[in-house]
Amino acid sequence: MNRFRKIIVKSVVPEKLKKLEEFSYNLWWSWKPKAQKLFSHLDKDLWYEVKHNPLRMLKEISQNKLNEKSNDAEYVKLFDEVMKEYKYYMSDKNVWFNRKYGKQDDFLVAYFCTEFGVHETVPVYSGGLGILAGDHIKTASDLGIPLIGVGLLYKQGYFIQRFNSDGQQESIYPSYDFNELPISLVKDEKNIPLKVSVNLYDRKAYAQIWKLKVGISSIYLLDSDVKENLPEDRILTSQLYGGDNEMRITQEYFLGIAGVRALRKMKISPTVWHMNEGHSAFLGLERIREMVDEGKSFEVAKEMVSSSSVFTTHTPVPAGHDAFNETLMKKYFNKFHSELGVNWEQFYELGRDPVDNKFSMTILAFNLSKAYNGVSKLHGEVSRKIWQDFWKDISVNEVPINHVTNGIHTETWIAKEFRDLYEEFLSKRWFENICDEKMWGKVAKIPSNKMWETHIHRKKRLVDIAKKNIEKRNKHNGIPEYITNKIKERLDPNALFIGFARRFATYKRATLILRDMERIKKILNNSDRPVVLFFAGKAHPADKPGKEFIKQIYHLSLQEEFLGKINILENYNITLARYLVSGVDVWLNNPRRPREASGTSGEKACINGVINFSILDGWWVEGYNQKNGWTIGEDKDYKNDEIQDSDDEASLYFTLENSIIPEYFERKNGNRFSLSWVERMKESIITNSPKFSTDRMLKDYVNNIYIPTFKYKNKMSENSAANSSKLVEWKDKIKNVWDDIWIREIDGVNKSTNELEINIKVEVNLNGLSPEDVKTEVFLVQDGYETDPISITELKLIKKKSTNHYFYSGKVEIPKGGIYKYAVCVRPYNKLLHHKFENRRIKWMELAEM
């Protein structure tokens, strides 16, 4: 018999503080320390207990405390100041985008991504991709860039990590109450939640839309957990990167197709569509379907869609790109393809990978966009090599994949103590000029003792967090208390702290520093120069080798000689990351080069005075200057992983023993810290902070990709898409005749010459094309460097020989004596092309057999 009746007690926010309720729904407060004080000052202990969730805070706080604060003059003053700053931020028109571009009618970027790591209160992220996406959205808000995000809202998020007593990673999936998250349902004018539907195989599936406010930007998240759905469809958005390949294709179907329909339902009309990784590439198919439904041909619709689409690839390993077999694709697209006006073969060709005949989401994204980029300079080079076959005979350096190097949202990732330091010595509003190298130069003038005191404070904060993390873990694993106490006693902030925190994928080599156990034992147990290692990171639940790395480190951390010397912390997330990137001395990064697309954790470390010790991969290739950190290994590629691991291991230990440890423990003229170490800290801050911010990154995207795409899209869609139709006709003409075009050299160049100039003359059979349809060019390369041309010289038309036959000639300058090679090619040319190789055709002059 039930004797208890449920009652719900709700605190009422006093009228004077009423704006707190609405304010808590905009994550602007998450990167403004003063705004965070509004919540932490209500009840510091509760703020920690609710894990910085303002909605839970206002729900659980006592009425007495709310009333007390509404009558606290100091708190009310803080409240008024924050509300004034917030109002100014939300209404400010003098933002970078407006100053640079003025009024841009209809300009709006839709940024699709499978995860967004904005703040720990909205756990729809797993790692680097999501964190980058969150920083992208925040910076768009700061700079006033018209941009929205589109993603999925995962009921169970990504898993919470726990280690059992054997060191095995356990994956815990909580079920989040969306009413306790700072998100709101999108509703119509009748206050009914908006829903969109898609056809999944043999049924309809529905999704509702949640809105997450991030400053002036918004992210729209789709949620399939609605009553209209079958049980198997309600769980489609339950877990990030969970389930099998079928779960993955349905999630990506929702993200791309339902994502477009959600924007249409809300009457939001983007003009630039950004696919952040291939997961969202189905959005291009939906947009083509819309245009075909309006009466456009498939070819014209495809041209219009690709002219307004941007694709960013983040994966430097071919196997890391999503792909589905034809059976699975037929299951979900067997009817959809007919709505595009094409047969199955034509449809499947949009994503077909010739290597394994699977439907590649990356190839689909390439086919349905015209602007592509990697996420660092090196990653751009690697991507051009990986995808060279997609552009057939085009030279690798001419493959049109550019790069925009990733950055970080500085205000999010800077520790409060360093923020205060910069306010004192740089400028009160330093964060408004993050790209200003001259401003960052002032860091050199910060007194070294002041810099060191700030750093030591952050190390102590990390020690506090690490102790709590380890104590909690050991308690639930039944580890004896005396072992926990030993670990805690040995966490000395005066020791050299080295941090390794990232996804536990095997190529990231978490255990590289532990390969020589006798050597690392000696390093860690030197009482005169103590060193402490901190590890953190999640392995994907299906990644058994990655989980074995975790288990290995866990077991080592409990051996007597390594207690408090090797530490592995549970449940790496945004909160823990903030302490690690600001609380260690050295940030260790040792992936197998060149498999790190960019990496941003080291960038976060830089702004907090932490020094990088890294493989020359990703962003560090551009950041390292020999004075601002250290490198591991050589700037070269390996064909054998074991040889690479051995070489990098030797380099790591040598630098650690002979450079890093001696410099850290150097004491001169009675100083209690190393002056040379602090100078390196300053150099790292000065050189990396302005370059590797999302301020610079977003400006690069806008200046080099978004605005050019927007202008090109307008050109291709004006006058009922007349230019798109023209380009489709022209491409069809090129396709029909291209195979029979040929080039023949006339009066070949002497093999040996004293001249620094050669004359090239060729005859070209254009097979019915006009000379205006092509460019004829000479590639000059140094012998042995065929993929890296010294120059590309256009040959001029000198006369028409006969129908279809034309003579071209030109002079090619040679820089100096040496052995060179040259090659002549013809490529299609049309002023309507967005880039010169968008139709992926080129014809090379074939040399006669010798």
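The values are calculated or read from the model by the stated rules, or taken from the named source; none is laboratory data. Keep in mind that this is a model prediction, so the values were computed, not measured. Ideal geometry is used to build each Cβ from the backbone, glycine not excepted, and the neighbour counts take in all protein chains shown. For the accessible areas, the whole protein counts, side chains as well, though only heavy atoms, and no ligand, DNA or RNA atoms are used. Shrake-Rupley method; radii C 1.70, N 1.55, O 1.52, S 1.80 Å.
Per-structure values
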{"item": "So T575, is it surrounded by fewer than 22 Cβ atoms within 10 Å (Cβ to Cβ), of a type outside the set (D, E, K, R) and more than 24 Å from the chain's Cα centre (by Cα)", "result": "no"}
{"item": "The listed residue being open to solvent by 30 Å² or more (accessible area, probe 1.4 Å), free of Cβ contacts under 8 Å to residues at least 40 places away in the same chain and more than 28 Å from E232 (Cβ to Cβ), out of D105, D166, D142", "result": "D105"}
{"item": "All helices (runs of 4 or more DSSP H) inside the stretch 530-630 with 1 or more residues being in contact with an Asp or Glu (Cβ under 6 Å, 6 or more places away or on another chain) and farther than 21 Å from P690 by Cα", "result": "574-583"}
{"item": "Options A444, A495, A501; residue that is more than 30 Å from the chain's Cα centre (by Cα) and either open to solvent by 30 Å² or more (accessible area, probe 1.4 Å) or under 30 Å from D641 (Cα atoms) (or both)", "result": "A444"}
{"item": "Scan of the stretch 591-614 for residues that are of a type in the set (D, E, K, R), closer than 26 Å to K416 by Cα and open to solvent by 10 Å² or more (accessible area, probe 1.4 Å), ordered by number", "result": "K604"}
{"item": "Residue list for the stretch 96-133, restricted to those being over 23 Å from the mean Cα position of the chain (by Cα) and among the hydroxyl-bearing types (S, T, Y)", "result": "Y101"}
{"item": "Count of the stretch 211-223 residues which are open to solvent by less than 20 Å² (accessible area, probe 1.4 Å) and either of a type in the set (S, T, Y) or closer than 30 Å to S91 by Cα (or both)", "result": "8"}
{"item": "Residues located in the stretch 753-766, provided they are surrounded by 15 or more Cβ atoms within 10 Å (Cβ to Cβ) and in a loop (DSSP other than H, G, I, E, B)", "result": "L766"}
{"item": "Subset of the stretch 457-489 [within 22 Å of R667 (Cα to Cα) and either exposed (fewer than 15 other Cβ atoms within 10 Å of the Cβ) or at pLDDT below 95 (or both)]", "result": "K460"}
{"item": "Which listed residue is within 25 Å of W96 (Cβ to Cβ), open to solvent by 20 Å² or more (accessible area, probe 1.4 Å) and not aromatic (F, W, Y), from K438, K385", "result": "K438"}
{"item": "Qualifying residues in the stretch 72-99 (those that are acidic (D, E) and part of a helix (DSSP H, G or I)) - the one surrounded by the fewest Cβ atoms within 10 Å (Cβ to Cβ)", "result": "E74"}
{"item": "Where a residue in the stretch 607-618 is within 15 Å of T454 (Cβ to Cβ) and its partner, wherever it lies, is assigned to a loop (DSSP other than H, G, I, E, B) and at pLDDT 95 or above, with Cβ under 7 Å and at least six apart", "result": "I607/I414; I607/S689; N608/I414; N608/A415; V610/V584; V610/D585; I611/D585"}
{"item": "Listing of helices (runs of 4 or more DSSP H) fully contained in the stretch 296-369 that carry 2 or more residues being open to solvent by 10 Å² or more (accessible area, probe 1.4 Å) and free of Cβ contacts under 8 Å to residues at least 12 places away in the same chain", "result": "344-349"}
{"item": "Hits in the stretch 44-71 (condition: open to solvent by 20 Å² or more (accessible area, probe 1.4 Å), under 18 Å from K18 (Cβ atoms) and not in a helix (DSSP H, G or I))", "result": "S62, N71"}
{"item": "Top-ranked residue in the stretch 517-538 [being open to solvent by 50 Å² or more (accessible area, probe 1.4 Å) and either among the acidic types (D, E) or touching a Leu at 6+ places or on another chain (Cβ under 8 Å) (or both); ranked as farthest from A466 (Cα to Cα)]", "result": "E518"}
{"item": "Looking only at the stretch 818-845, and only at residues there that are farther than 19 Å from S770 by Cα and without any contact (Cβ under 8 Å) to a residue 40 or more places away in the chain, the one that is least open to solvent (accessible area, probe 1.4 Å)", "result": "G818"}
{"item": "Qualifying positions in the stretch 234-279 - buried (at least 18 other Cβ atoms within 10 Å of the Cβ), assigned to a helix (DSSP H, G or I) and either without any contact (Cβ under 8 Å) to a residue 40 or more places away in the chain or hydroxyl-bearing (S, T, Y) (or both)", "result": "R234, T250, Y253, V260"}
{"item": "Only one of Y712, Y664, Y624 that is without any contact (Cβ under 8 Å) to a residue 24 or more places away in the chain and in contact with a Ser or Thr (Cβ under 8 Å, 6 or more places away or on another chain)", "result": "Y624"}
{"item": "Selected residue (only one of V196, V226 is open to solvent by less than 70 Å² (accessible area, probe 1.4 Å) and under 30 Å from G144 (Cβ atoms))", "result": "V196"}
{"item": "Unique residue being over 30 Å from E411 (Cα atoms) and either modelled with pLDDT of 95 or more or crowded, with 21+ Cβ neighbours inside 10 Å (or both) when the list is S684, S659", "result": "S659"}
{"item": "Among the candidates K37, K6, K16, residue that is over 28 Å from the mean Cα position of the chain (by Cα), at pLDDT below 95, surrounded by fewer than 20 Cβ atoms within 10 Å (Cβ to Cβ) and not in a loop (DSSP other than H, G, I, E, B)", "result": "K16"}
